[in-house]
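The values are calculated or read from the model by the stated rules, or taken from the named source; none is laboratory data. All values reported here derive from a predicted model rather than from experimental measurement. FYI the Cβ positions are ideal-geometry reconstructions off the backbone, even for glycines, and counts take in every protein chain you see. With ligands, DNA and RNA removed, areas are computed over all heavy atoms of the protein, side chains included. Shrake-Rupley method; radii C 1.70, N 1.55, O 1.52, S 1.80 Å.
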Amino acid sequence: MQVRAEQIEEHLRHPLAPVYLISGDEPLQVMETADASRKAAALKGFSERDVFTVDAQFDWGALYDAAGALSLFSDKKLLDVRMPTCKAGQSGTKALQHYLDYLPPDKILLIQSGRLDKACKNAVWVKKVEQAGVVVQVWDLSPAQTLAWIARRMKQAGLQPDTEAVRYLTERVEGNLLAAVQEIGKLVLLYGNRPLTAANIMAVVADNSRFSVFDLAEAILSQDARRIRHIMLVLQEEDTATPLLVWALADLLRQLYMGCENVRNNASNQALLMRMPKTRQNLFLTALRRMAAADWNHLFDLATRLDQHSKGVGQDVSRHPQRLWDEMLELALLLGGRALAV
């Protein structure tokens, strides 16, 4: 069966499954979901644990041995398998399938892995886990989910933040929940249960947010000028390759132009929508209505100039790196329906 990460605590109050697969690229959620599973297993008598860290030299024969071994100290054991990716290899696939075909009654198998890609989701051993046990796929949080998650964690820690304080902390740590937990712990030590404002947080919290060019595209489609500026600043501080960023802006521009042309010609945008995550599709359709009257010639001229300037050539090219970042911000804001002065 499939269980969402936020449902795992409720699930673990019931009889435990013989096998759990927890996958995803967001380390804090994966870690906390696995910790909750280990704690529940220990409370139900699986007090002994064997940990298997899978790498290129890992011998999957250890899993065969552990499955059949008798415990010296208890009659129940947790087998904790940690895989960096969902790819088990030929020997790993064979070992996992054999284990799942002959589930030992005195063991629980807990597997942690990276995100399940399409090939892994279709793997026989993963389907066997889903049939015999529980699969928890941990997804990166959207901006709105991150805001709600941080508000909840701050209140659970005893903090009393106002709305702007929650938003400010979210901006500082978005995409890095481990940093969020660390900063919340710091705020508890400094402020306890006193009212907490954005100014208080500003004084003590570093900017630990992490973004990609795909986050920038989502902010543009959302018309969130504040977030566009913040993402651009973080990408600049992280020394993101400017050609990659220029490519992402130009690609979004082309998609918006093609989408508007399809609407104008009463053609379908299904092919375009299939290229993007579901969470971005409604934002894209809304952006098409906003961009219907866009000055496309001006936007494409800006994109062309950006491409040239990112390569150090073209008319009016500046040797000062900040000029290029200002130009990219200008295009990002225009695509978001905002002017540079906003």
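Details
- The single condition from (1) under 17 Å from GLU32 (Cα atoms); (2) surrounded by 21 or more Cβ atoms within 10 Å (Cβ to Cβ) that TYR99 fails is (1).
- The set of residues in the stretch 138-154 being touching a strand residue (DSSP E or B) at 6+ places or on another chain (Cβ under 8 Å) and part of a helix (DSSP H, G or I) consists of ALA151, MET154.
- Of everything in the stretch 120-137 that is more than 21 Å from LYS76 (Cβ to Cβ) and in a loop (DSSP other than H, G, I, E, B), the residue that is least open to solvent (accessible area, probe 1.4 Å) is ALA123.
- For the stretch 64-86, the tally of residues that are open to solvent by 90 Å² or more (accessible area, probe 1.4 Å) and modelled with pLDDT of 85 or more stands at 1.
- Test result for ALA17, of a type outside the set (S, T, N, Q), modelled with pLDDT of 90 or more, open to solvent by less than 20 Å² (accessible area, probe 1.4 Å) and in a helix (DSSP H, G or I): no
- Some residue of the stretch 110-119 being aliphatic (A, V, I, L, M), within 30 Å of ALA66 (Cβ to Cβ), out of contact with any strand residue (DSSP E or B) (no Cβ under 9 Å at 6 or more places or on another chain) and surrounded by fewer than 17 Cβ atoms within 10 Å (Cβ to Cβ): yes
- The sole residue among THR53, THR33 that is of a type in the set (Val, Ile, Thr) and open to solvent by 20 Å² or more (accessible area, probe 1.4 Å) is THR53.
- Residues in the stretch 138-165 that are farther than 24 Å from GLN7 by Cβ, in contact (Cβ under 8 Å) with a residue 12 or more places away in the chain and not small (Gly, Ala, Ser) were compared, and the one that is most open to solvent (accessible area, probe 1.4 Å) is GLN160.
- When residues of the stretch 166-199 are limited to those that are of a type in the set (Gly, Ala, Ser) and in contact (Cβ under 8 Å) with a residue 24 or more places away in the chain, the one surrounded by the most Cβ atoms within 10 Å (Cβ to Cβ): ALA180
- Criterion (at pLDDT below 90, of a type outside the set (Asp, Glu) and more than 28 Å from ALA332 (Cα to Cα)) met by exactly one of VAL181, VAL234, VAL205: VAL181
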